[in-house]
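The values are calculated or read from the model by the stated rules, or taken from the named source; none is laboratory data. For clarity, every value in this text was computed on a predicted model and none was experimentally measured. For neighbour counting, all protein chains shown are included, and Cβ atoms are generated from backbone atoms with ideal geometry for every residue, glycine included.
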Amino acid sequence: MNSLINTGDKAPNFQFDTPWKPTQDFYECLQQDVVLVFLRYQGCPVCQMEMAKLKRDIDLFKKKDARVFVFLQSPVSTLVAMAKEEDWPFDIVCDPDGKIFKLYGVEAGGIFKYLHPAGLVAAIKATTLGFHHKKFEGKETQLPAAFIVKSNKSVKYAYYGNNISDVPSPLTLSENID
């Protein structure tokens, strides 16, 4: 098991790629508070739904001058083929090897967490909302997580999901920034 990141810890630094900007340094982005949301991959309907919620509620974060990062196990090539940078009001970090997931202690769950009733309900809801399954990428049983990192590099909030749909709402995340 990877070591978990807890409130009060110094957030680990990492290099990352977005679909539109390669090789960036996380600490250099800490000019303001940041929200880190770890999901599974672009083809996952539940993840598409969670990203749509963040997009819809991005003003909650803008009001608090916080920058949002969404981490996916998808490679850059998947995202470049399906979206433009201006389509997303947050940064999408591509981590197909799971190095940043591992650095933050965000692990895959077993089959029971993957097939948890809440995850199945979320998958049905996502599908009825028009989010459809696309290419499988990364670890199918990957669990989500969310962190708030203050500009001084300290972790203000840490949450590890218990099933594939266990992601704090944008409102919950925004309320925990202060």
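Filtering the range 99-129 to residues that are in a loop (DSSP other than H, G, I, E, B), in contact with a helix residue (DSSP H, G or I) (Cβ under 9 Å, 6 or more places away or on another chain) and not hydrophobic (A, V, I, L, M, F, W, C) leaves only Glu107. Can you pull out every residue in the range 124-138 that is touching a Phe, Trp or Tyr at 6+ places or on another chain (Cβ under 6 Å) and either among the small types (Gly, Ala, Ser) or exposed (fewer than 15 other Cβ atoms within 10 Å of the Cβ) (or both)? Of everything in the range 124-138, just one residue is touching a Phe, Trp or Tyr at 6+ places or on another chain (Cβ under 6 Å) and either among the small types (Gly, Ala, Ser) or exposed (fewer than 15 other Cβ atoms within 10 Å of the Cβ) (or both), namely Gly138. Can you find, within the range 65-91, the residue that is nearest to the chain's Cα centre (by Cα) among those that are outside any helix (DSSP H, G or I) and farther than 20 Å from Val155 by Cα? Selected residue: Leu72. The residues of the range 139-160 that are assigned to a loop (DSSP other than H, G, I, E, B), surrounded by fewer than 22 Cβ atoms within 10 Å (Cβ to Cβ) and not charged (D, E, K, R), listed by number, are Thr141, Ser151, Asn152.
Mind checking which residues of the range 41-62 are of a type in the set (D, E, K, R) and touching a residue at least 40 places away in the same chain (Cβ under 8 Å)? Selection gives Glu50, Lys53, Arg56, Asp57.
Lys84 falls short on exactly one of the conditions (1) out of contact with any strand residue (DSSP E or B) (no Cβ under 6 Å at 6 or more places or on another chain); (2) buried (at least 20 other Cβ atoms within 10 Å of the Cβ), and that condition is (2). Per the conditions (1) buried (at least 16 other Cβ atoms within 10 Å of the Cβ); (2) touching a Phe, Trp or Tyr at 6+ places or on another chain (Cβ under 9 Å), the sole criterion not satisfied by Ala52 is (1).
For the range 38-49, a residue qualifies if it is surrounded by fewer than 22 Cβ atoms within 10 Å (Cβ to Cβ) and not in a helix (DSSP H, G or I), and exactly one does: Gly43. Counting only residues that are acidic (Asp, Glu), exposed (fewer than 12 other Cβ atoms within 10 Å of the Cβ) and part of a strand (DSSP E or B), the range 1-37 holds 1 of them. Filtering the range 17-53 to residues that are under 16 Å from the mean Cα position of the chain (by Cα), modelled with pLDDT of 95 or more and more than 22 Å from Thr141 (Cα to Cα) leaves Phe26, Asp33, Val34, Val35.
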